[in-house]
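Peer 1: Structure below; questions to follow.
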Amino acid sequence: MLKTKFIAISLIALMGLSSCGGNAQKKEEEQKSETPFDFIAERFGDVQVLRYQITGFDGLSLKQKELAYYLYEAALSGRDIIWDQKYRHNLLVRRTIEAIWNNYKGDKNAAEYKKFEDYSKRVWFSNGIHHHYASDKIMPDFSFGFFQSLLTNCDQKTLPLNSGETADQLANFLKPVMFDPKVDSKTVNLQAGIDNIKGSANNFYEGVTQKEVEEFYGKMIDNTNKTPVSYGLNSKVVKENGKLVEKTWKVGGMYTQAIERIVFWLKKAITVAENDNQKKALELLVAFYETGDLKKFDEYNVAWVADVNSAIDVVNGFIEVYQDALGKKGSFEAVVSIKDEEATKKIETIANNAQWFEDNAPLFPNHKKKEVKGIIGKSINVVIESGDASPSTPIGINLPNSNWIRQEHGSKSVSLGNIVGAYNIAGAKSPSTSEFSLNEETKKRAKEFGNIASELHTDMHEVIGHASGQLEPGIATPDITLKNYQNALEEARADLVALYYIYDQKLVDIGVMPSLEVGKTEYESYLLNGLMLQLNRIDLGKSIEEAHMRNRQLIAKWVMEKGAADNVAEFIKRDGKTFIQINNYEKLRVLFGDLLKEIQRIKSQGDFKAGQALVENYGVKVDAAIHKEVKERFSKLNVAPYKGFIQPRLIAVEKDGKITDVKVEYPTSFSEQMLEYGKKYSFLPNVN
Ligand SMILES: [Zn+2]
C-alpha cells in the first residue's frame, strides 16, 4: 500500500546530493576523478536504464559485508516469484527469450532480430509480458512467423519444452499469449463496473469470481479483532471441488523451490546478524517462510520495526499489494540497504515533530491520532533490489503495511538516497524542464530548490503522511471498505500531508528547508506533473490506471476546479502551448488541506461511494487535448517516461570455506544482467 513510486520526471536536478561529511565527500571525489561513474546505461522502448553506486559499502566491517552478501543472495533467490505472480505464463516466455539470446544461430544483426531484442528488454524490465506501470500487454514489433524461426533455429535441447513438445508446438502455444492483445490483456485491471479478478491476468486467483473471493475473505475476517493478520497476503486462491481454497506460498507449498533458497540464505544471514533485534527479526522471517503462518509475519514485522540500530537492513517478503485488484496479495520484493547516518538527520527532525504535524493537521479531531507512535525515518543507500522493486524502483518505502502494527508499534519510513541521487544526476540532463516551465522565475526556482523540494516531499509523504490519521471505531480497514480505490486514496492522503506542510513556516523553523520558496517549487512541479507531465506515460485514448498517477491527477484536478472561482491557479496558453500558473500559493495550500480532510474522512469512515466518486471523477479520465499536446512536446525531447536500474553485483571472496571479503562490481549491460539472473536464480518450474 505504501510504496512511493514518485519517479521525479519533473525534477531539475543539480549535481548536489544530500550533504555528507567532509571525509566521505572527499573520498567520493577522489574515486570520481579516477573512474567517473556512468549513471546512464541504456535506452529502449519507453525506458531509460540507469546505474547506482552503493555509497557506504567500503565503510562496512567484514561481518556486515558478509551479512549484506547473504541478504543479497536471498533477495535474488525470490526473483522468479514476481514473474509467476504477475502472469502464469511469464516464466515460460522469459525462458524462451533467454534460450533464444543464448542459442539462436541466425543473424543477430538483422532488423527483425533487433526488434526481438527490444521486446526482450521491455519484458525483462516489466518482470513479465505486461507493462510494469500501465499493466497492458507489451506487443512485439516482429511477426509470429519470425518468432517461429527464432525457435526452430535454436538447439532444441535449450528450449523450455515439455516432454515430446516441438519448437513449433511451443511457438503455437505462445502465439495467443504473446501476440494476441485480447488474451489476458492486463495483469491488473482496476476498471469500474467489471469483475476485477476475471479482468486481471495475474496469477493470484484462478477460476474464481470477484464476488466469490470477497465472500471467501468476508467470512474469514473478524471485524472485532484488533490485531488482524493480513488475510490472503501469501496465497493464490483457486477452486477445488467447487470450494475456494488458498495455495500458500511457503516452504513445502507453492513457490517452495524459490522460498527454500531464500530461507537458505536468510539462515546464513542470521549467523552474522548485527545484534539481537536483527537476529530475532530474521528468525521470525524464516519461520514465516517455513510455515506460511501470517501471525508469524506480523511477529516478524513487529520485530523488524524494533530493529532500529542495525546499519544493514532488509525488506524481503510478500509486501506490496498493487498487483492485486483487491489489494490483498503481496508481490515478492526485496531491498537490502545500508543506513546513511548523515542524510537520516533531516528525516529524524521531521519524525521527531510528528505529533506537532498530527495535532496541526486540517482534519476532524476524531480522525487525528492522539499519540503518534514510533515513526522511524531514515535515509538508506540501496545494495540490491529484487522482485517487484526492480528494475523499476520506489524512491521511498514505508512499512509494514498492517494498520494495527503501524498504530501500536510504529513503522519504518525510508528514503532511498543513492537511487534518488542517481535520478537527479540523470535528470540534470533532461530538457523537459525548459520545455514545460512557466517562465524564467519558476525555472530558476526549480533549479535552486527542485531537489530539496522533492526530497522533502518524499520524506513527509512517508514519515508523517502514511503514518497520520486514524479510523473511527468499528470501521474496517481500507482494503475492505475502499476496495479497488484504497491505494489511490491512500497515496493521495500521504501526498496531501506533504503538500500541506511543505508550504509551512514550521519546516523553516525546524531547519529542514531554507525558505517557503521550496513550497512554491513543490506546488509548481506537483500541478505540472499531475495535470501534464505524467500523461506522457500513457498511450493516447487510454485512462489512468496506476494508483500513484491516479492520486496525482486527482489532487491536481480537484484543486484546480475548487480554486477556479478565486483563480488560485490556471492554465495559460502561449504560442499554442499550455502552461500552469499559480496565482495564490496560500489559497492553494488551504485547498490541499480541504482535500486532505475529506480523504481522511473517507478513510476514517470507510465511505466507499465518496472515495469512488473522487477517484473516478478526478483521477481516471484524461483530458484528450492536453494529453495529445504533452505527448507531442515530449516526443520532440526524446525523454524516456520511465526509468529503472541495473543492479550492482556482490561477489564473495572465499578462503577455506570462509568469506574473507565481499567485492562490488557495477555491470554495464542490462541484458547481460538479465541473462545472468536467468541462469543463476531460476528456481521455479514454468508452471506453478
Ligand atoms: Zn506512498
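Peer 1: If you place +1 on the Cβ of every Lys and Arg and -1 on the Cβ of every Asp and Glu, how big does the dipole about the Cα centre of segment 558-649 come out, in debye to the nearest 20?
Peer 2: 460 debye
Peer 1: Do any GluC sites (Glu not before Pro) in segment 367-472 lie in a loop, going by DSSP, with at most 15 other beta-carbon atoms within 10 Å of their beta carbon, and if so which? Let's see the in-between values first.
Peer 2: Values: sites: Glu371, Glu385, Glu408, Glu435, Glu440, Glu441, Glu448, Glu455, Glu462; in loops: Glu371.
The qualifying sites are Glu371.
Peer 1: When Lys and Arg each count +1 and Asp and Glu each count -1, what net charge do the other residues less than 13 Å away from Gly253, Cβ to Cβ, add up to? Intermediate values should be presented prior to the final figure.
Peer 2: Details: positive: Lys236, Lys247, Lys250; negative: Glu246, Glu260, Glu290, Asp293.
Residues near Gly253 contribute -1 overall.
Peer 1: Please figure out what share of the DSSP beta bridges in the chain is antiparallel and state it in percent, rounded to the nearest 5. Intermediate results must be reported in sequence, preceding the final value.
Peer 2: On the way: 45 of 59 bridges.
So the antiparallel bridges in the chain amount to around 75 percent.
Peer 1: Run the numbers for Thr158 and Glu240: contour at 0.36 nm per residue of separation, minus the present Cα-Cα distance, in nm. Numbers along the way, then the final one.
Peer 2: On the way: separation 82, 0.36 × 82 = 29.52 nm, distance 3.50 nm.
Between Thr158 and Glu240, full extension yields an extra 26.0 nm.
Peer 1: Tell me whether the chain comes out rounded, prolate or oblate; compute the Cα gyration tensor, take square roots of the eigenvalues as a ≥ b ≥ c, and use a/c under 1.5 as the rounded threshold. Mind showing how you got there, number by number?
Peer 2: Values: a/c = 1.25, a/b = 1.22, b/c = 1.03.
Note, shape of the chain comes out rounded.
Peer 1: Quick one: putting +1 on the C-beta of Lys and Arg, -1 on the C-beta of Asp and Glu, what dipole do you get for segment 90-193 around its Cα centre, in Debye to the nearest 20?
Peer 2: Details: 13 positive and 12 negative charges, 37 e Å.
Magnitude of the dipole: close to 180 debye.
Peer 1: Same structure again: Which of Lys186/Lys239; Lys65/Lys680; Lys86/Lys137; Lys226/Lys295; Lys329/Lys483; Lys643/Lys680 have a Cα-Cα distance over 19 Å?
Peer 2: Details: Lys186/Lys239 22 Å; Lys65/Lys680 21 Å; Lys86/Lys137 11 Å; Lys226/Lys295 13 Å; Lys329/Lys483 13 Å; Lys643/Lys680 25 Å.
From Lys186/Lys239; Lys65/Lys680; Lys86/Lys137; Lys226/Lys295; Lys329/Lys483; Lys643/Lys680, over 19 Å: Lys186/Lys239; Lys65/Lys680; Lys643/Lys680.
Peer 1: Now a separate question. Going toward the positive end of the dipole of segment 275-377, with +1 on Lys and Arg Cβ and -1 on Asp and Glu Cβ, which of Phe318, Asn360, Ile338 do you reach last?
Peer 2: Of the listed residues, the answer is Asn360.
Peer 1: Taking a quarter of the surface of the Cα convex hull of segment 606-688, what do you get in nm²?
Peer 2: Working: hull surface 51.5 nm².
The orientation-averaged projected area of the Cα hull of segment 606-688 comes to 12.9 nm².
Peer 1: Run the numbers for Asn309 and Lys182: contour at 0.36 nm per residue of separation, minus the present Cα-Cα distance, in nm. Don't skip to the answer; put the middle values down first.
Peer 2: Numbers: separation 127, 0.36 × 127 = 45.72 nm, distance 5.08 nm.
Extra length from Asn309 to Lys182 when fully extended: 40.6 nm.
Peer 1: At a Cα cut-off below 16 Å, give the lysines reachable from Lys577, other chains included and same-chain residues fewer than 8 away excluded.
Peer 2: Within reach: Lys628, Lys631, Lys636.
Throughout, read-outs are computed from the coordinates displayed, never taken from laboratory work. From a predicted model like this one, the values you see are computed outputs, not experimental measurements. Cβ sites come from the backbone with ideal geometry, for glycine too, and all protein chains shown count toward neighbours.
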